[in-house]
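The values are calculated or read from the model by the stated rules, or taken from the named source; none is laboratory data. Nothing here was measured: the structure is a model prediction, and the numbers come from that model. With ideal geometry, Cβ positions are generated from the backbone for all residues, glycine too; neighbour counts draw on all protein chains shown. Accessible surface areas use protein heavy atoms only, side chains included; no ligands, DNA or RNA. Shrake-Rupley method; radii C 1.70, N 1.55, O 1.52, S 1.80 Å.
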Amino acid sequence: MSISIKSIREAFVLLFEAIHDRDFRKTIPLHKWSEKELLPLVRTFLLGRFGHCFPETSVRLPHCTSTQGRVDFLIGNIAVEFAVRRPGDQKAPLSTRVNRDEMIKLMLHDGPGLLVLFDFSRYPFDEEDIERFRNYPSLGKGNYRKSPFNVAYYYKSQAHPREIEVIKKRIHIK
């Protein structure tokens with residue numbers, strides 16, 4: 001089975017819809033969990049969906065003192081970073097400022113990358129907020145080989161009947 005960015009995005013649509021489905025989550029408030037709380041669930045889901053998933057894979061991160069970072073998941077050759085905004089949170093958890101290091105890890109990964117943003121809040125981002133990811137961070141001095149990456153923003157556009165939307169962007173590095 002060939003793994004693509006599209007197949008990973010589709011898998012995350014299935015997971016996001018399930019988290020919002022009361023029949024699936026029963027008494028567990030998955031839609032209120034933080035990124036840290038959801039990561040083991042996402043890891044298990046991706047393992048079942050794709051047959052393999054390497055969590056917390058080391059990557060180069062030149063602007064940190066340790067020069068090492070970790071991407072949340074490596075599926076095939078695709079690096080995946082995951083971020084969550086819980087209900088009641090400000091916009092910061094999904095902002096470009098907070099996800100700066102994640103963007104750098106994906107740019108420096110030698111292969112495709114995907115930044116997955118789950119927004120459980122009542123007031124989702126608009127297209128302009130996601131467009132800000134095109135203003136990628138500087139890596140400082142040095143000659144770095146930068147790869148383009150993708151952003152997939154999942155949100156609920158309507159509560160009843162429930163409508164799940166996805167904003168997809170491909171960020172090209174100049």
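For the chain, a simple Cβ point-charge model (Lys and Arg +1, Asp and Glu -1, everything else neutral) yields a dipole of about 360 debye relative to the Cα centre. Relative to the globular-protein estimate of 2.2 N^0.38 Å, the Cα radius of gyration of segment 16-103 stands at 1.22.
With a 1.4 Å probe and all protein chains left in place, how much accessible area per residue does segment 95-157 have, in Å²?
On the way: 3050 Å² over 63 residues.
It amounts to 48 Å² per residue over segment 95-157.
What FRET efficiency would be calculated for the residue pair Ala18, Arg100, taking the C-beta separation as r and a Förster radius of 45 Å, to the nearest 0.05? Write out the running numbers ahead of the final one.
On the way: r = 30 Å, r/R0 = 0.66.
The value I calculate is 0.90.
So what is the relative contact order of segment 77-174, in percent, for Cα pairs below 8 Å that sit 6 or more residues apart? In percent, rounded to a whole number, it is 29.
Each helix, a run of at least 4 DSSP H residues, gives -39500 (n - 2.57); summed and divided by the residues of the chain, these come to -8500 deg cm²/dmol at 222 nm.
State the antiparallel share, in %, of DSSP beta bridges confined to segment 33-144, rounding to the nearest 5. Walk me through the numbers on the way to the answer.
Numbers: 9 of 16 bridges.
Antiparallel bridges make up about 55 percent of those DSSP assigns within segment 33-144.
What relative contact order, as a whole-number percentage, does the chain give when Cα pairs under 8 Å and 6 or more residues apart are counted? Please list the in-between numbers first.
Numbers: 292 pairs, mean separation 31.1, N = 174.
Value for the chain: 18 percent.
Taking segment 88-128 on its own, what percent of its Cα-Cα pair distances exceed 14 Å? Pairs farther apart than 14 Å: 53 percent. Projecting the Cα positions of Ile173, Ala18, Gln158 onto the charge dipole of the chain (unit charges on Cβ atoms of Lys, Arg, Asp and Glu, taken about the Cα centre) puts Ile173 furthest along the positive direction.
Given +1 at the Cβ of Lys and Arg, -1 at the Cβ of Asp and Glu and no other charges, the dipole of segment 68-162 around its Cα centre is 180 debye to the nearest 20. Per-residue surface analysis assigns Lys168 an accessible area of about 120 Å², computed on protein heavy atoms at 1.4 Å probe radius. The stretch between Leu47 and Arg25, if pulled fully straight at 0.36 nm per residue, gains 6.0 nm over its current Cα-Cα span. Angle, helix 5-20 long axis vs. longest principal axis of the chain, Cα atoms, 0 to 90°, nearest 10? On a 0 to 90 degree scale, this one is about 40. Given R₀ = 35 Å, what would the calculated FRET efficiency be for Gln158 paired with Asp110, taking r from the Cβ atoms and rounding to 0.05? The value I calculate is 0.30.
Using equal-weight Cα scatterers in the Debye expression, the normalised intensity of the chain in log10 at q = 0.08 Å⁻¹ is -0.24.
Enter the angle in degrees (range 0 to 90, nearest 10) between the Cα long axis of helix 35-50 and the first principal axis of the Cα atoms of the chain, meaning the one along which they spread out most. With rounding to tens, the tilt is 90 degrees.
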